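To start, the structure under review is shown below, and the notes come after it.
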Amino acid sequence: MIEKLDTLIAAFAELMWGPPLLVLLIGGGLFFTFYCRFIPFRYVKHGFNILLGKYDDPNDPGQINHFQALSSALASTVGMGNISGVAIAIHTGGPGALFWMWMSAIVGMATKFFTCTLAIMYRGTDEDGEVQGGPMYVITEGMSKRFHPLAYLFSFAGLLGCLSLFQANQLTQIVQDQIYTPLGYFENNPVIGQLLVGLFMAAVISAVIFGGIRRIGQVASRLVPSMVVIYMLCGVLILIRNFGIIDDIFLSIIRDAFTGEAVLGGSMGAVIVIGIRRAAFSNEAGIGTEAMAHGAAITKEPIREGLVAMLGPMIDTLIVCSVTGFVILATGVWMNPDLNGISMTTQAFEIGLPFIGKPLLILIVIVFSITTMIGYSYYGSKCTAFLFGKKWKQSYRVFYTLSLVLASVITIDLVINFIDGMFALMAIPTMVSSIILAPKVITAAREYFNKLGEQE
């Protein structure tokens, strides 16, 4: 039964991530990049100034400041997608997959600029009159009724796709590999050990998520930056130790990206698909989740939040994922066919930083997993409230915490394919609405930057 379900979900994921969706995500990202005349790249410094609070006004509508909004968005993207997802991409698609992750992130910066600008521009209100943002509100507030079914499609897919099955599964895996197995715990009953991890995660996560976005933003803004710094320092130290082969690694990434030599059958197309899928899972540009977090920002200037949001793929994929990929390639663990996901990254850190690498990575993974699970809960509860009303938020949070227990005992392949399929469904309404409403963003951008020039 489980095998049949796994096969069915895998087929669904492959179908959804066919050429039409790839064209929509990458082609749409290229359209945004050229249509806005490279705004995201021209105003990176201004984006950081906004992020650091230079333009904050507590009287503006919203729930969390710019820094907390980006931290909440990064809490759901900087995590297993950067640590385990990159390993899966290299295991499946070879070194070249990392190149296509980079390409996806570059165009993803422009995509996030548009999607998150629109999330502020077309905010709606819930039953209590509190402002809410996200693709479902962009569609219902900014588009005609014939497009409204897309809002319900996004919310349905988001309700399921934002279950943190991948994070819970991989966190359970690292506890089993690095704690249970060495100590001989649960050798005869591994499922019991997995369930204990799942129950622990459910207890920890529920203590935070029932407090809503404000508590999530507070927790994320404290934990995410510190863990990113520690992770980056560890990765850079490993790369310094392997400095002599960095240029060879870079060349192998470029070469494999256009040959597909490391992929079964030597398919360049397979490398591209794998890279884009894993980049989408890592930075979520065009998926729509990020727009829900940034849509809660305290601001009345949509362009400002768009500029803050565009920093996400740069931090998440171009920096953090690159460090992970180079560490895996530098230590040679990617050539071991028995290693995949978090097990591969753990082995790389153990080889690269003997004695301290593995325990530090375990700590980082635990924190990243928890913050990601916290961030995703907010997205799912927003989708639930949109579909069924705010009163169902608490019920969803109960369902969400119970799903963490389920995720601890199911297979990684089933988890990845299910999430990939739901993300694909979420991407369709997000990208379609953003492309149609793109002229509105350009008009707002011209007005904003003209006013900014006058002020400066």
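The values are calculated or read from the model by the stated rules, or taken from the named source; none is laboratory data. It should be emphasised that the depicted structure is a prediction, and the values quoted were computed from it without experimental measurement. FYI the Cβ positions are ideal-geometry reconstructions off the backbone, even for glycines, and counts take in every protein chain you see.
Among the residues of the stretch 294-313, just one is aliphatic (A, V, I, L, M), out of contact with any His (no Cβ under 7 Å at 6 or more places or on another chain), under 19 Å from residue 378 (Cα atoms) and buried (at least 24 other Cβ atoms within 10 Å of the Cβ), namely 296. Checking 410, 428 one by one, the residue that is modelled with pLDDT under 85 and either β-branched (Val, Ile, Thr) or in contact with a strand residue (DSSP E or B) (Cβ under 6 Å, 6 or more places away or on another chain) (or both) is 410 and no other. Among the residues of the stretch 210-252, those that are among the small types (Gly, Ala, Ser), more than 15 Å from residue 353 (Cβ to Cβ) and modelled with pLDDT of 70 or more comprise 226, 244, 252. Among the residues of the stretch 231-249, those identified as farther than 13 Å from residue 349 by Cβ and free of Cβ contacts under 8 Å to residues at least 60 places away in the same chain are 240, 243, 244, 247, 248. Among residues of the stretch 27-50 that are at negative phi, those with a Cβ under 6 angstrom from a residue that is modelled with pLDDT of 85 or more and in a loop (DSSP other than H, G, I, E, B), sequence gap 6+ or separate chain, pair up as 40/310. Could you list all residues from the stretch 308-331 that are under 24 Å from residue 67 (Cβ atoms) and not β-branched (Val, Ile, Thr)? 309, 310, 311, 312, 313, 314, 316, 318, 321, 322 - these are the residues of the stretch 308-331 that are under 24 Å from residue 67 (Cβ atoms) and not β-branched (Val, Ile, Thr).
What tally of residues in the stretch 430-447 results from selecting those that are farther than 20 Å from residue 30 by Cβ and either surrounded by 18 or more Cβ atoms within 10 Å (Cβ to Cβ) or of a type in the set (Lys, Arg) (or both)?
Applying the first criterion (farther than 20 Å from residue 30 by Cβ) to the stretch 430-447 yields 443-444, 446-447.
Add one more test, that the residue is either surrounded by 18 or more Cβ atoms within 10 Å (Cβ to Cβ) or of a type in the set (Lys, Arg) (or both), and what stays is 444, 446.
Total satisfying the criteria: 2.
Does residue 358 satisfy being surrounded by fewer than 24 Cβ atoms within 10 Å (Cβ to Cβ), assigned to a helix (DSSP H, G or I) and among the basic types (Lys, Arg)? Criteria met by residue 358. Can you pull out the residues in the stretch 289-311 that are modelled with pLDDT of 85 or more, out of contact with any Phe, Trp or Tyr (no Cβ under 6 Å at 6 or more places or on another chain) and more than 21 Å from residue 57 (Cβ to Cβ)? Once the filter is applied, which keeps residues that are modelled with pLDDT of 85 or more, out of contact with any Phe, Trp or Tyr (no Cβ under 6 Å at 6 or more places or on another chain) and more than 21 Å from residue 57 (Cβ to Cβ), the stretch 289-311 yields only 291.
Collect the residues in the stretch 337-360 that are among the aliphatic types (A, V, I, L, M) and at pLDDT 85 or above, keeping them in residue-number order.
Of the stretch 337-360, the ones among the aliphatic types (A, V, I, L, M) are 339, 342, 344, 348, 351, 353, 356, 360.
Matches in the stretch 337-360: 344, 348, 351, 353, 356, 360.
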